[in-house]
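Working notes, structure below.
The values are calculated or read from the model by the stated rules, or taken from the named source; none is laboratory data. Bear in mind that the values here come from a model prediction, so they are computed numbers and not experimental data. All Cβ positions, glycine included, derive from the backbone under ideal geometry; neighbour counts span all protein chains shown.
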Amino acid sequence: MPKGSPELARARKEEIINACAELYETMNFKDVTLKEIGKKTSFSRTLIYYYFHTKEEIFLALLQKEYEAWIRDLDVIRQSHRDLSVEQFSDELAHSLERRDRLLKLMSMNHYDMESNSRMENLVAFKGVYGNSMRAVAGCLEKFFPYMTEDDRQGFIYAFFPFLFGVYPYTVVTDKQKEAMEQAQANYVFLSIYEIIKSIAVRLLHGFKDR
């Protein structure tokens, strides 16, 4: 690829994002630095700065990539079935997010800091994909539950998407956290990502069906 070509730029950005994703598997957000990301790539930290001005921009790009992957999963659900019951669709939806634990982990981060430390062009690109994910869910609802009105679909989305921001910290807990809950005698039921998402989806959808 010629120097400075769009293909080269995309490949380098992808390498940077993938390096960030790899580090994020074993490190928390605060410990992932541009220096650490640079060690995982084939080029200098200065070149990383050419594509991403801040660590937050890289994480925002990673989050965008995860949303894009989830949208593809939602499109497969919509295109692969003629009809689905509430329970069947909730099962498919829960499995689609169970496979996207990194998406849920990123969603649990402080979006305000991530977005405020990103340039407008990157934020606009992310918001476009985020909007597409809501439209993908709405498209599934429109196909499988034709009795739902546009307001119903919007109501599901306004309840379901904010709920997703709390799924990861609620379902992925350390042994230390479990022990603390036990010592505090807190009435805490540990559920998997799949279990908690399917449960809320079924409850929400039956609420619209049974009116």
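Within the stretch 25-40, how many residues are hydroxyl-bearing (Ser, Thr, Tyr) and within 18 Å of Val172 (Cβ to Cβ)? Spell out how you get there, then give the answer.
Of the stretch 25-40, the ones hydroxyl-bearing (Ser, Thr, Tyr) are 26, 33.
With the extra rule that they be within 18 Å of Val172 (Cβ to Cβ), the set shrinks to 26.
Qualifying residue count for the region: 1.
Can Phe59 be described as under 30 Å from Lys198 (Cβ atoms) and touching a Cys at 6+ places or on another chain (Cβ under 8 Å)? Explain how you work it out, then say what you get.
On the way: under 30 Å from Lys198 (Cβ atoms): yes; touching a Cys at 6+ places or on another chain (Cβ under 8 Å): yes.
Against the criterion (under 30 Å from Lys198 (Cβ atoms) and touching a Cys at 6+ places or on another chain (Cβ under 8 Å)), Phe59 qualifies.
So for the stretch 105-119 (the condition being in contact with a His (Cβ under 7 Å, 6 or more places away or on another chain), under 22 Å from Tyr24 (Cβ atoms) and at pLDDT 95 or above), does at least one residue qualify?
Restricting attention to the stretch 105-119, the residues satisfying the condition of being in contact with a His (Cβ under 7 Å, 6 or more places away or on another chain) are 119.
With under 22 Å from Tyr24 (Cβ atoms) added as a condition, the list becomes 119.
If we keep only those that are at pLDDT 95 or above as well, we get 119.
Looking through the stretch 105-119, at least one residue is in contact with a His (Cβ under 7 Å, 6 or more places away or on another chain), under 22 Å from Tyr24 (Cβ atoms) and at pLDDT 95 or above.
In this structure, is Ser80 of a type in the set (Ser, Thr, Tyr), at pLDDT 95 or above and over 20 Å from Leu164 (Cβ atoms)? Step through it out loud before you land on a result.
Values: of a type in the set (Ser, Thr, Tyr): yes; at pLDDT 95 or above: yes; over 20 Å from Leu164 (Cβ atoms): yes.
Taking the combined requirement at face value, the residue satisfies it.
Just to be sure, is Arg72 among the basic types (Lys, Arg), loosely packed, with under 15 Cβ neighbours inside 10 Å, out of contact with any Phe, Trp or Tyr (no Cβ under 6 Å at 6 or more places or on another chain) and closer than 30 Å to Ala19 by Cβ?
Values: among the basic types (Lys, Arg): yes; loosely packed, with under 15 Cβ neighbours inside 10 Å: yes; out of contact with any Phe, Trp or Tyr (no Cβ under 6 Å at 6 or more places or on another chain): yes; closer than 30 Å to Ala19 by Cβ: yes.
Spelling it out, Arg72 is indeed among the basic types (Lys, Arg), loosely packed, with under 15 Cβ neighbours inside 10 Å, out of contact with any Phe, Trp or Tyr (no Cβ under 6 Å at 6 or more places or on another chain) and closer than 30 Å to Ala19 by Cβ.
Working carefully through the options Tyr24, Tyr67, find the one that is within 28 Å of Phe208 (Cα to Cα), among the hydroxyl-bearing types (Ser, Thr, Tyr) and out of contact with any Asp or Glu (no Cβ under 9 Å at 6 or more places or on another chain). Outline the logic, then answer.
Working: Tyr24 fails: within 28 Å of Phe208 (Cα to Cα).
Every option except Tyr67 fails the conditions.
Right, Leu93: over 29 Å from Tyr49 (Cα atoms), at pLDDT 95 or above, out of contact with any Ser or Thr (no Cβ under 6 Å at 6 or more places or on another chain) and not acidic (Asp, Glu) or not?
Numbers: over 29 Å from Tyr49 (Cα atoms): yes; at pLDDT 95 or above: yes; out of contact with any Ser or Thr (no Cβ under 6 Å at 6 or more places or on another chain): yes; not acidic (Asp, Glu): yes.
In short, yes.
With respect to His81, determine if the residue is more than 21 Å from the chain's Cα centre (by Cα) and closer than 21 Å to Gly128 by Cα. Don't jump to the end; show me each part of the working.
Numbers: more than 21 Å from the chain's Cα centre (by Cα): yes; closer than 21 Å to Gly128 by Cα: no.
It is false that His81 is more than 21 Å from the chain's Cα centre (by Cα) and closer than 21 Å to Gly128 by Cα.
Please verify whether the stretch 120-135 includes one or more residues that are crowded, with 17+ Cβ neighbours inside 10 Å, assigned to a loop (DSSP other than H, G, I, E, B) and outside the structural domain of Asn28 (by TED's automatic domain parsing).
no
For every residue, the table says whether it meets (1) over 15 Å from the mean Cα position of the chain (by Cα); (2) at pLDDT 95 or above.
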{"site": "Thr149", "(1), (2)": "yes, yes"}
{"site": "Asp152", "(1), (2)": "yes, yes"}
{"site": "Asp175", "(1), (2)": "yes, no"}
{"site": "Ala180", "(1), (2)": "yes, no"}
{"site": "Phe190", "(1), (2)": "yes, no"}
{"site": "Ile193", "(1), (2)": "no, yes"}
{"site": "Gly207", "(1), (2)": "yes, no"}
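Under 7 Å between Cβ atoms, which residue pairs at least 6 apart in sequence (or on different chains) link something in the stretch 26-50 that is surrounded by 11 or more Cβ atoms within 10 Å (Cβ to Cβ) with a partner that is modelled with pLDDT under 90?
So the pair list comes out as Leu34/Arg45; Gly38/Ser44; Gly38/Arg45.
Considering only residues that are aliphatic (A, V, I, L, M) and in contact with a Leu (Cβ under 6 Å, 6 or more places away or on another chain), look in the stretch 136-158 and name the one that is nearest to Phe190 (Cα to Cα).
As a first pass, look at the stretch 136-158 and keep what is aliphatic (A, V, I, L, M): 136-138, 141, 148, 157.
Those left that are additionally in contact with a Leu (Cβ under 6 Å, 6 or more places away or on another chain): 136, 148.
Numbers: Ala136: 29, Met148: 32 Å.
By that ranking, first place goes to Ala136.
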